[in-house]
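The values are calculated or read from the model by the stated rules, or taken from the named source; none is laboratory data. Values in this document were obtained by computation on a predicted structure and should not be read as measured data. Cβ placement follows ideal geometry from the backbone for every residue including glycine, while neighbour counts extend to all protein chains displayed.
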Amino acid sequence: MAALPILRFPDPRLHTVAKPVDCFDEPLRQLVRDMAETMYTAPGIGLAATQVDVHQQVIVIDTSDAHNRLQVFINPEIISASTDAKVYEEGCLSVPGIYEEVERPDRVRVRAFDEHGREFTYDAEGLMAVCLQHEMDHLKGRVFVQYLSRLKQTRIRSRMLKQDREVA
Ligand code: GNR
Ligand code: NI
């Protein structure tokens, strides 16, 4: 297993649209294991393949306190969403140190496949619903800061670029 490097905003590769997985093979399961290690090491509660520069529709999530409930969502599709929305303060491993409020549907029903190609439906609410929508946005090339005002986006962009310069 290997923890993979995570792309940081404003890296243009974060805006790549991921392709559906068409082969549920051993390399796919290795990617899932590496993504899980990357997420647990970070640490984070979710990770989309886009963040590790793999542009396939693969998501890992673990919102459990003990970090022992890995959930894998491949080729996920939202089949229904609640009309009521909730605001949650989101963060992102690709935008470290930034936490901002985002409004999203409170509940979503998702259809997806596991790493063995088995299809399932999943009803998410609360933090799980936030995380799933946040990760599905990554697969579409969208980072949560894109929901914020232009001014905030500009400030976040320069803060990230300044951080990069300081690290380098
Ligand atoms: O670890 C993460 N925490 C988090 C907190 C609030 C809303 C969304 C998230 S997802 C984030 C990990 C990440 O960047 N996934 O893409
Ligand atoms: Ni993220």
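Specify the residue that is surrounded by the fewest Cβ atoms within 10 Å (Cβ to Cβ); the eligible residues are those in the stretch 51-76 that are within 16 Å of ligand 2 (Cβ to nearest atom) and among the aliphatic types (A, V, I, L, M).
Result: Val54.
If I go through the stretch 35-61 residue by residue, how many of them are assigned to a loop (DSSP other than H, G, I, E, B) and touching a strand residue (DSSP E or B) at 6+ places or on another chain (Cβ under 7 Å)?
So in the stretch 35-61, the residues assigned to a loop (DSSP other than H, G, I, E, B) come out as 42-45, 53-55, 57.
Subsequent filtering for residues that are touching a strand residue (DSSP E or B) at 6+ places or on another chain (Cβ under 7 Å) retains 45, 55, 57.
Final tally of qualifying residues: 3.
Would you call Phe9 within 13 Å of ligand 2 (Cβ to nearest atom) and among the aromatic types (Phe, Trp, Tyr)? Before the answer, list the steps.
Values: within 13 Å of ligand 2 (Cβ to nearest atom): yes; among the aromatic types (Phe, Trp, Tyr): yes.
Yes; evaluated as a whole, the condition is true for this residue.
Val21 - would you say it is away from ligand 2 (no atom under 15 Å from the Cβ), assigned to a helix (DSSP H, G or I) and either surrounded by 13 or more Cβ atoms within 10 Å (Cβ to Cβ) or modelled with pLDDT under 95 (or both)?
Judged against the criteria, Val21 is not a match.
How many residues does the stretch 25-55 hold that are closer than 11 Å to Met1 by Cβ and of a type outside the set (A, V, I, L, M, F, W, C)?
7
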